[in-house]
Amino acid sequence: MRYVAFYPPTGFRDRRWIADDACDALVRSGRRVAEAYSEAVLGLSLTGYASEVRVFVGSAPEGQQSVSVEVHLDFSEGYESARALVPASLATLSAESRAEVALQILHGVMVAFAPHRGWSLDDLDRAAQQVRESGHEFLWHSAWKASPDRRREARGTFWLQDDAFGRAVIEVRERGVEGASVLRSPEAPAYCTSAGFVRSTKTLRWVGQELTMVPSIDSLEGRTTELRWTPRTASSDAPLGRTRAEGAPPESLPAVEITAEGWVPDRAEIRFIGGGPTNDVPGRYLNNLRHHLHRLEEDGLAWWSQANRNLLEITYSITDSARGVRVRRLHDRTTAVILRPLDSLGQPHPERLALEDACALVAAVSKRMDLEDPPEVGATSWKPAWG
């Protein structure tokens, strides 16, 4: 097990990742917590059905004050999963309080899986305590890289803010000098995952006595952030890590209630469970695709009830090159994944691609499961747009 995180793990800088305020706030505050907890869990060398746990987030029913979490013990589409329903009050909590709630959710999910996957509860408790001792923060350093003259060495250092995005600095010190002071560059925006941090450090370059690094790239907007370290601008006093609110009064946190149960219903159901990654994906594509697939959850029930499985589980994956729809018929459900290459979304009307993808999904499921009378949404027939 290497990764335990809220889904989606990425999104736009300038807009919500999830429409609901409380859900969006939790997923963003939970970004740094997920990376810190995953780092601790990775050190436990846990084995299981998958290497990843995805926690999907939704709005709690009106009046519910607690966070209710369903852990799905039935293994599905390449990852373990759970769903958390979040009360509206979570949006008003401080960043530090939301981070603790996020940790309770992620840790509670792993504890629920533990007896069914053979994991040690004591080990998991130590992982959670490690995150609390860090102040719910995630700070990551690359390996040191020597200068051409071998006199100095540099590394990239990254951390995650409460908006879920990273910040980065370049650090430089004298090689082989015990207690040598570290000189830091000004900080710059960075990606929002540890995997993104690793990619960034591969761009760390010495240029004479200076250094450059690219901590983030927005491929759709054509923006590249370049971070530069120079002797003139470097400082040993530059702050490192997220700025935290000091002296905030303690807050009352919502209870986190965990239940573990089978994921498969006893009657026909279509379940759209989200997808990703969503970095650099146009909002017009995502919003329209989500709209079509949520409509399918209701409008497609009569069609899906013909199948010899109760559950149709739908997700989407933004890929490097794979395209189409992958349908798998498992022993207790059918899964359908839309595969959409990121570089195909730069055209003027990505909402058309969203409709095409939803139509292609229905067509692929109909063919795989031998279903008739595919559903219509409004005046639009669900006809495939690619073969």
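Ligands, DNA and RNA left out, the accessible area of the chain computed with a 1.4 Å probe is 47% carbon and sulfur. Loop-located trypsin sites (Lys or Arg not before Pro) in the range 138-167 (DSSP state other than H, G, I, E, B) with a sparse environment of at most 13 neighbouring Cβ atoms within 10 Å: Arg150, Arg151. Taking label positions 7 Å along the Cα-Cβ direction at both Glu96 and Ala19, the computed distance is 3.5 nm, reported to one decimal. Kindly provide log₁₀ I(q)/I(0) values, in the same order as q = 0.16, 0.22, 0.23 Å⁻¹, from the Debye equation applied to equal alpha-carbon scatterers of the range 34-152. Reported log10 I(q)/I(0), two decimals: -0.83, -1.32, -1.38. In a simple Cβ point-charge model (Lys, Arg +1; Asp, Glu -1; nothing else charged), the chain has a dipole of about 1460 debye relative to its Cα centre. Using the rule -39500 (n - 2.57) for each DSSP H run of four or more residues, divided by the residues of the chain, the 222 nm mean residue ellipticity is -9000 deg cm²/dmol.
Computed over the chain, relative contact order equals 14 percent, with contacts defined as Cα pairs under 8 Å that lie 6+ residues apart. Based on Cα contacts under 8 Å between residues 6+ apart, the range 283-362 shows a relative contact order of 36 percent. Annotation for the range 59-112 versus the range 154-193: alpha-carbon center distance of 31 Å. Hey, with R₀ at 51 Å, roughly what FRET efficiency would Leu240 and Glu261 work out to, going by the Cβ-Cβ distance, to 0.05? The calculated FRET efficiency here is 0.70. Using 0.36 nm per residue and subtracting the Cα-Cα separation, the extra length available between Leu339 and Arg199 on full extension is 48.1 nm. Note on the chain: GNM, Cα springs under 10 Å; of Phe12, Phe138, Phe56, the largest mean-square fluctuation is that of Phe12. Available extension along the chain between Thr233 and Arg151 is 27.6 nm, counting 0.36 nm per residue and deducting the alpha carbon span.
Pick from Ser181, Ser147, Ser38: which residue has the top mean-square fluctuation in a GNM of the chain where Cα pairs under 10 Å get a spring? Largest GNM mean-square fluctuation: Ser181.
At a probe radius of 1.4 angstrom, the accessible area of the chain per residue rounds to 46 square angstrom. A Förster radius of 51 Å combined with the Cβ-Cβ distance from Glu52 to Ala180 puts the calculated FRET efficiency at roughly 0.85. Restricting the calculation to Cα atoms, every distinct pair contributes to the Kirkwood radius of the chain, found to be 22.7 Å. Given springs between every Cα pair under 10 Å in a Gaussian network model of the chain, which of Gln130, Gln347, Gln64 has the largest fluctuation? In the Gaussian network model the winner is Gln347.
The values are calculated or read from the model by the stated rules, or taken from the named source; none is laboratory data. In this text the structure is predicted, and so the values were computed from the model without any measurement. Cβ atoms come from the backbone with ideal geometry, glycine included; neighbour counts cover every protein chain shown. Note: areas computed on protein heavy atoms with side chains; ligands, DNA, RNA excluded. Shrake-Rupley method; radii C 1.70, N 1.55, O 1.52, S 1.80 Å.
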